[in-house]
Amino acid sequence: MACWRCLASDESLSEAIIDNFLRLMTSIELYEDPYHVTETHIAALQPLTLISALGEMLQVGTMKALCIAKFSDMFTVLYTTLACYLEAAAPAYTVPTGGRERFAIVPNRDAIKLSPAKITVHTFNAFLDQADCQKGTLCELAALLAAALAGPRLASCVARLARCARAPLPPQRCAAAALLANLLDHRCNEKPVLAETILATLSTGWKDENARVRAASLRGAANVARLPPALRPAALPAALSALSQGIDAHKTQSPIDNVPLAAIQGLSRLLTELETLDKEFDRELLSISQKIRPFMNTECAQLREASIRLFGIIASRVSSETLIEQAVSSLPCFLLHLCDNNPAVVRASKFTLREVFKTLKVKKSNDFVQAHLVDEGRLYLDEFLGALLRQLAEEMPRCVPSCLQAAVNYLHCTVEEMKPHPPLLLGLLYAELYRIQEKTSEDIDLDPDITKSAKSRLLQLIKDPNPAVRQNSALALANICLVCAHHG
């Protein structure tokens, strides 16, 4: 290690070494095996050795001028290599020496103790120190580094990162897309040519075949909202369309490469940060509000939270009878997720209910919701549901059949925390339906198959081991009998 520090003190030698480093790192394989062949990726020994040696050289103060002079090339290579090595394993062999065969594999038990990510982080941090850049944690790397790239070095970095966004390795493309998207938050806004380069690169990422790259690019689409007014109108339609298409993609268990999750999160941030949005986008938003509804009941808590919240954001933006119909039929979903076992989903449900009730033209019900659904407040759900549904049925009787039709589907819920509440909600809705029938001669249009399906499932739930489920199911059956007797 000392020899590399000694070489770094010689300016002419160190420049030649850095040139060779950059040439090799952009031409050799970073992994032992092709990226798409194996699920476990092992860092190749040669690039890892090069990065380790560079890290030692960067401990010497004389490297500062060289780091500043070659900043764009060194930054891009180290940043994208770090993206590759964050989840890579160390090579468990050494280069053969002596009389051994050239292509022999020599096991090295100490090598597996090494961390390619730590070695690369060490070198990257040393480089950022020498180049007088602000550093940050890995979780916030792209956002923090974007702020550090302002000034004369920005244009060359954008050009090199745009090339890396077309690299063969998905981690390199992902890292480039994430950083370029964050640059739209910073000084690129004052330079239209750079902003257009970034947008063109991101638009390629929106269609990338790799889920993680596409997800990173779609999250970055939200930064279109931060473009200056002169550039935003041209960029917004393509970004909105890409985000809408992202919702249709196949979802994965991992939040990092879950494309629908990234698209929904990107849409939420885009719509939240835009002060105004032209009416021409209303049709697209109505389509999106319909497409996200299946995600509200998925097993992934982040996807539940993001989709429920996005519906509320769209409700605050779009005035439409179609959206009101969607909102009414989604009320059971939002109300039942008030008892979700994930606090973020509960907060999202409260937010969306507050936004939805502002659009329903039911003043007393809206006042009740705004007063009781406080983000950090304690909610007595059973009492809240009874009082809200009584008031809502008074102000908007036609919503009861729509809510009933949607609520029946939740009787098959298997989540223990939520299981007692679908029969409770259904029972309360049938009670309000009976009360409406008692007060008015107006016939309420409810599909008989809905009631038949509800009775069938409730008769099963009345034998459930959970006493709350049994009690609520019995109440619901009693109210169904009252409605049926009134019709009979």
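The values are calculated or read from the model by the stated rules, or taken from the named source; none is laboratory data. All of these numbers come straight from a predicted model, not from anything done at the bench. Neighbour counts are summed over all protein chains in view; Cβ atoms, including those assigned to glycine, are modelled from backbone coordinates with ideal geometry.
Conditions: (1) modelled with pLDDT of 90 or more; (2) out of contact with any Lys or Arg (no Cβ under 8 Å at 6 or more places or on another chain). Residue 38 meets all but one. Number of the miss? Checking residue 38 against (1) modelled with pLDDT of 90 or more; (2) out of contact with any Lys or Arg (no Cβ under 8 Å at 6 or more places or on another chain), the one that fails is (1).
Residue under question is residue 215, and the condition is that it be surrounded by 24 or more Cβ atoms within 10 Å (Cβ to Cβ), assigned to a helix (DSSP H, G or I) and modelled with pLDDT of 90 or more; does it hold? In short, yes. Checking each residue in the range 296-340 for being of a type in the set (Phe, Trp, Tyr) and either out of contact with any helix residue (DSSP H, G or I) (no Cβ under 6 Å at 6 or more places or on another chain) or in contact (Cβ under 8 Å) with a residue 60 or more places away in the chain (or both) picks out no residue at all.
Filter the range 255-281 for residues that are of a type in the set (A, V, I, L, M) and not in a helix (DSSP H, G or I); which is nearest to residue 409 (Cα to Cα)? Outline the logic, then answer.
First pass over the range 255-281, keeping only residues of a type in the set (A, V, I, L, M): 256, 259, 261-264, 267, 270-271, 274, 277.
Narrowing the set further to residues that are not in a helix (DSSP H, G or I) leaves 256, 274, 277.
Working: 256: 30, 274: 36, 277: 35 Å.
Looking at the filtered set, the residue picked out is 256.
Just checking: which of the helices (runs of 4 or more DSSP H) contained wholly in the range 381-444 hold 2 or more residues that are charged (D, E, K, R)? Steps first, answer last, please.
Details: elements: 381-395, 399-407, 421-439.
Helices (runs of 4 or more DSSP H) meeting the threshold: 381-395, 421-439.
Residue check: residue 30 meets all listed conditions (1) out of contact with any Lys or Arg (no Cβ under 7 Å at 6 or more places or on another chain); (2) under 20 Å from residue 128 (Cβ atoms); (3) of a type in the set (A, V, I, L, M, F, W, C); (4) surrounded by 20 or more Cβ atoms within 10 Å (Cβ to Cβ) but one, namely (2).
Specify which of the listed residues (315, 348, 344) is under 30 Å from residue 414 (Cβ atoms) and surrounded by fewer than 18 Cβ atoms within 10 Å (Cβ to Cβ).
Details: 315 fails: surrounded by fewer than 18 Cβ atoms within 10 Å (Cβ to Cβ); 348 fails: surrounded by fewer than 18 Cβ atoms within 10 Å (Cβ to Cβ).
It is 344.
Within the range 453-467, the set of residues being in contact with a helix residue (DSSP H, G or I) (Cβ under 8 Å, 6 or more places away or on another chain) and either of a type in the set (S, T, N, Q) or surrounded by 13 or more Cβ atoms within 10 Å (Cβ to Cβ) (or both) comprises 453, 454, 455, 457, 458, 461, 462, 464.
Flag: residue 284 does not match the condition of being at pLDDT below 90, part of a helix (DSSP H, G or I) and not polar (S, T, N, Q).
Which residue is surrounded by the fewest Cβ atoms within 10 Å (Cβ to Cβ), if the candidates are limited to the range 39-83 and must be within 30 Å of the chain's Cα centre (by Cα) and in a loop (DSSP other than H, G, I, E, B)? Among them, the one singled out is 39.
Of all residues being assigned to a helix (DSSP H, G or I) and small (Gly, Ala, Ser) in the range 332-380, which is nearest to residue 402 (Cα to Cα)? Just the residue, please.
Taking the range 332-380 as the starting set, the residues that turn out to be assigned to a helix (DSSP H, G or I) are 332-339, 343-359, 363-372.
With the extra rule that they be small (Gly, Ala, Ser), the set shrinks to 344, 348-349, 365, 371.
Details: 344: 27, 348: 22, 349: 19, 365: 17, 371: 25 Å.
Only one residue fits best here, namely 365.
Could you check, for the range 39-51, whether at least one of its residues is within 24 Å of residue 89 (Cα to Cα) and touching a His at 6+ places or on another chain (Cβ under 9 Å)? Reasoning before the result, please.
So in the range 39-51, the residues within 24 Å of residue 89 (Cα to Cα) come out as 39-51.
Still in the list and also touching a His at 6+ places or on another chain (Cβ under 9 Å): 51.
Yes, some residue in the range 39-51 is within 24 Å of residue 89 (Cα to Cα) and touching a His at 6+ places or on another chain (Cβ under 9 Å).
Candidates are the residues of the range 119-141 that are at pLDDT below 70 and either acidic (Asp, Glu) or buried (at least 21 other Cβ atoms within 10 Å of the Cβ) (or both); the one that is farthest from residue 45 (Cα to Cα) is 140.
Residues are listed down the side, and each one gets a yes or a no for (1) within 18 Å of residue 32 (Cβ to Cβ); (2) at pLDDT below 85; (3) not assigned by TED's automatic domain parsing to the domain that holds residue 220:
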position	(1), (2), (3)
69	no, no, yes
86	yes, yes, yes
111	yes, yes, yes
116	yes, no, yes
147	no, yes, no
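Residues that are free of Cβ contacts under 8 Å to residues at least 12 places away in the same chain and in a loop (DSSP other than H, G, I, E, B) within the range 5-38 comprise 10, 27, 33, 34, 36, 37, 38, listed in sequence order.
Among the criteria (1) touching a Gly at 6+ places or on another chain (Cβ under 8 Å); (2) modelled with pLDDT under 95; (3) of a type in the set (A, V, I, L, M), the one residue 428 does not fulfil is (2). Taken together, 244, 268, 254 contain a single residue that is more than 22 Å from residue 345 (Cβ to Cβ), assigned by TED's automatic domain parsing to the domain that holds residue 224 and free of Cβ contacts under 8 Å to residues at least 60 places away in the same chain, which is 244.
Please pick out the residue among 211, 221, 159, 177 that is within 23 Å of residue 131 (Cβ to Cβ), under 23 Å from the mean Cα position of the chain (by Cα) and in contact (Cβ under 8 Å) with a residue 24 or more places away in the chain. Going through 211, 221, 159, 177 in turn, just one is within 23 Å of residue 131 (Cβ to Cβ), under 23 Å from the mean Cα position of the chain (by Cα) and in contact (Cβ under 8 Å) with a residue 24 or more places away in the chain: 177.
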